Amino acid sequence: MNINMNLLNDGVYTGTRWFFNNDDLMKKTDRYHIFVNMASVRCDGLESALNVADEYNFFTDDGMTLFQRDGLEYRSVFGAWDVSATPGVTARDGMDKLKPVTNWRGYCSKFNFAGAATSGGVNAVAGFIVEKMNGSDKDNVNDKGTNNISNPVLYGVKAHKSYFMLDDYFVALGAGVTNLHPEIDGNIRTTIDQTAWTEDVQIFCNGRSKPVSEGIQNFIENGKPVWVIQKNKFAYSILPEFTKNARFISESKKTDWIKMNKENKKLKNLPASVDILRLWIDHGQQVVNDTYGYVVLAGEKMPSEKMPFSVLRNDTLIQAVQSTDYKTTEVVFFQANSQLRAKNLVLSASAPCIILIESKANQQILSVNDPQMDANLKQIQIVLNGKIILVDMPKGDLCGKPVTIKQ
């Protein structure tokens, strides 16, 4: 109820956490809250229930990424949401084609890869591979739901997605974005955000701000990416080397609260229309192995002209970001024995893993996570600039928890 939650002053309610049994990464400060909900074949998705509760929980586990300051950013406009444009999700445009279902197991990914590395502070890195499947199609499921509607628009989108938290900057990368069923109508989109438009929205570029025009706008102006800033909220930009077509719009939309959840009929004075700020990347319909990159600034400071980080790699083997002062390096290794090479850095790992390297006060802090939660994986060998580091993986109930060692 109170985003500050400073009563204990012991770090319990601040920092970053990887909830390894739920595929969730969270970050909380006294100024904002960020939530990334990923998917793996290990976890069921969020249930839908006809005439009982939410009927459109189709994309909540596909990398849904929420940015909040007061907790009203999404709930206040949910009656007009396009669920196929759920923030953070790469999916086929198709809200008008979706039919509500009862599905107690929800939707997950076909892949057993979702993880995050964090030492608990302001930095964290996460990644997963998404290709949607119905959780009811898993073996030995005894509560498949009561609705046989297939909703083909949901399926056949694949991507390697990763998330990097560096202080107040949030970076999202995508690679291998592919439409496996291009015969189905609808472009593939990666939604940056779909949030309440409650404050003045400005475009910031070349050190100057200007109001946003009406209609759909482009993230590129005079050959350079712009920042889209909602006052007292968040700032958004793209990485043009990875992102071809990115757009945004501030618009008023009609609501249908009962469509989204039948329980809303009990509520009074729900707005007939709401104002929404939507930002997205359009990959097209015939997309094969596309990429994207976008940035969200959560702090109150104006964004700088130069990003305080660099992207070291963005492909289906490795996604990696490093701060410009070289103090923070964040890496997702999708395959074993892949090697990352950059200035002052040669890094490899003996197993698929996620690695966070932080340098603080002449000390190096290494956090490592097994995104496959392999109970038989006893140890991961990290080779950092020629130095072999053996990291023992947690066992039993803690399998999948990040390990942090100091050197």
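Key figures
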{"quantity": "Loop-located trypsin sites (Lys or Arg not before Pro) in the range 140-191 whose Cβ has at most 14 other Cβ within 10 Å (DSSP)", "calculated": "none"}
{"quantity": "Qualifying GluC sites (Glu not before Pro) for the range 296-332 [loop in DSSP, other Cβ within 10 Å: at most 15]", "calculated": "Glu300, Glu305"}
{"quantity": "Projected area averaged over orientations for the range 200-338, convex hull of C-alpha atoms, nm²", "calculated": "12.7"}
{"quantity": "All Cα pairs of the range 15-309, percent lying beyond 37 Å", "calculated": "10"}
{"quantity": "Amide H contacts of Phe309 (H built 1.01 Å from N, under 5 Å, at least 5 apart or other chain)", "calculated": "Thr324"}
{"quantity": "Relative contact order of the range 315-407, defined on C-alpha pairs under 8 angstrom at six or more residues apart (%)", "calculated": "22"}
{"quantity": "Distance between modelled label sites at Asp275 and Lys327, nm, 7 Å Cα→Cβ extension", "calculated": "3.8"}
{"quantity": "Efficiency of FRET from Cβ geometry, Glu305 and Asn264, R₀ 35 Å, rounded to 0.05", "calculated": "0.20"}
{"quantity": "Per-residue Cβ neighbour rank within 10 angstrom, fewest leading, Asp23, Asp54", "calculated": "Asp54, Asp23"}
{"quantity": "The chain: calculated mean residue ellipticity at 222 nm from DSSP helix runs of at least 4, using -39500 (n - 2.57)", "calculated": "0 deg cm²/dmol"}
{"quantity": "Under Karplus coefficients 6.51, -1.76 and 1.60, residue-wise ³J(HN,Hα) of the range 134-142 in Hz, glycine/proline x", "calculated": "7, x, 5, 7, 5, 5, 6, 8, 10"}
{"quantity": "Cleavage-rule hits, GluC sites (Glu not before Pro), the range 202-270, DSSP coil, Cβ neighbours within 10 Å at most 12", "calculated": "Glu214, Glu241"}
{"quantity": "Mean separation of Cα contacts under 8 Å, 6 or more apart, over the residue count of the chain: relative contact order %", "calculated": "15"}
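Laboratory data are not the source of any read-out in this text; all were calculated from the coordinates shown. From a predicted model like this one, the values you see are computed outputs, not experimental measurements. Note that we place each Cβ from the backbone using ideal geometry, even for glycine, and neighbour counts take in every protein chain shown.
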